[in-house]
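This report concerns only the one structure given below.
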Amino acid sequence: MSAAHDAQSASLDPASGGALCYTAESDPLSDVLRTVRLRGALFFLVDATTPWCVDVPAARHFADIILPSARHVVSYHVAVEGTGLAGVPGMAETQFGAGDIIVFPHGDPYVMASDRGVVPELDRAATIQFFRDLAAGRLPFVIPEGGGGAPRAKFICGFLGCDFTPYNPVLAALPRCLRVGRQDRTGRDLLDQLVELTMNEAQIHRPGVQSIRLGLSELMFIEVIRRHMETLSTDRPSWLTGLRDPIVGCALRKLHADPARDWTLEHLATETGTSRSVLAERFSTTVGEPPMRYLTLWRMQLAARLLADGNDKVSAISEQVGFGSEAAFSRAFKAAMGCPPGRWRSTSRRCAGTAFEAATPI
């Protein structure tokens, strides 16, 4: 591919058999979310009365129930009313209040409760059955919880599926438990509007309501990520931090616009308007990976999607993701994934609809 694609954004188009396609804008966050196949699995509202406690097992125990095709499950909870505590094993509990969002990106078991010491209403087997009933449509959108006392708490719960391996830079940038607080804004922001739409949808039973709710679930999560990005400290390296940096963000847009280009550090620095040494140091410090290492990781993610979803030969895919030879691509893919491209393709298709992949970044 030529430099003419630099102002375009690469993505995978299911309608074209999984081939790379380009859009007018270079937007790495949207590019990643498309490529890792972010999609809603469950979306519901909990109306809790004190005391209340939910103890959710590791996502691998219920992922194939709520979204059989998902390799990874992310959950998040938007507090609409009331307060509570949330935590994962081995970490201090996080207190949350109305307007806060709690995200569990890595499939960990977690607990949310009105206070410390509250016994969960459901054990693990009952919780998994709860997910099974939700997925089958046997439960209402609004789920009552708790002992019937005051104060109340209401929170919107979203569960989404996506790919994690070989490389999901968004999830890799997030801690095991993330609290995103309400920001001081004048008027209603987008998340307020999405919450309002969700609450309105809870009251109706029109055709298509499930698709509307799952779409709202995806939109909410994306807005949560954008809100989190706005609060990140520049001294904590992550891919999301890199998007905010003028130099690194420009470099990321260039790489995502044309990942198959024969990039070198010198070419990338020139197009970013800086020197090789400045770009290399700033990219590594901000993102946590050198630019060319990041490009290799992202090419592996694109290749994994093309292998799983399309029918192109391995030699064609190696060209689409920027490798000069099939042998070089196969070596890089095996180093990243632990198996050659052909085996990855057959395993992915054999396991589609049933497998849940443990979250282990390379």
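Readers should treat all values here as calculations from the given coordinates under stated rules, not as data from a laboratory. This one's a predicted model, so the numbers in the text were calculated from it and none came from an experiment. In this analysis, Cβ positions are derived from the backbone assuming ideal geometry, glycine residues included, and neighbour counts consider all displayed protein chains.
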Open item on the list: Taking just the alpha-carbon atoms of region 223-324, what radius of gyration and Dmax come out, in angstrom?
Closed with: 14.9, 43
Open item on the list: Compute, for region 127-262, the length of the dipole vector about the Cα centre, with Cβ point charges of +1 (Lys, Arg) and -1 (Asp, Glu) only. Units Debye, rounded to 20.
Closed with: 200 debye
Task: Residue-by-residue Karplus 3J(HN,Hα) for region 220-233, coefficients 6.51, -1.76, 1.60, Hz, glycine and proline x - done: 4, 5, 4, 5, 4, 4, 5, 5, 4, 4, 5, 9, 5, 7
- [ ] Work from the charge dipole of the chain (Cβ charges, +1 for Lys and Arg, -1 for Asp and Glu, about the Cα centre) and give the residue of Ile317, Thr296, His205 farthest towards its positive end.
- [x] Ile317
Open item on the list: Taking a ≥ b ≥ c as the square roots of the Cα gyration tensor eigenvalues, with a/c under 1.5 meaning rounded and otherwise prolate when a/b beats b/c, else oblate, which class fits region 83-174?
Closed with: oblate
Task: Alpha-carbon centroid distance for the pair region 49-94 / region 206-265, whole angstrom - done: 23 Å
Task: Calculated Cα extents along the principal axes in Å (choose from (i) 62, 47, 47; (ii) 65, 46, 41; (iii) 58, 58, 36), label - done: (ii)
- [ ] Search the structure for amide H atoms under 5 Å from the amide H of Thr94, placed 1.01 Å from N in the peptide plane, and list their residues when 5 or more places away or on another chain.
- [x] Ala86, Gly87
TODO: Give the span of region 36-231's Cα atoms along each principal axis, as three whole-Å numbers ordered largest to smallest.
DONE: 44, 43, 43
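Working out 0.36 nm times the residue gap between Gln129 and Val142, then minus their Cα-Cα distance, what length gain in nm do you get to one decimal? Let's see the in-between values first.
On the way: separation 13, 0.36 × 13 = 4.68 nm, distance 1.69 nm.
Full-extension gain reported as 3.0 nm.
Run lengths n ≥ 4 of DSSP H only: what is the helix-derived mean residue ellipticity at 222 nm for the chain, with -39500 (n - 2.57) per run over all residues, to the nearest 500? Intermediate values should be presented prior to the final figure.
Numbers: 14 runs with 150 residues, N = 362.
Taken over the chain, the calculation gives -12500 deg cm²/dmol.
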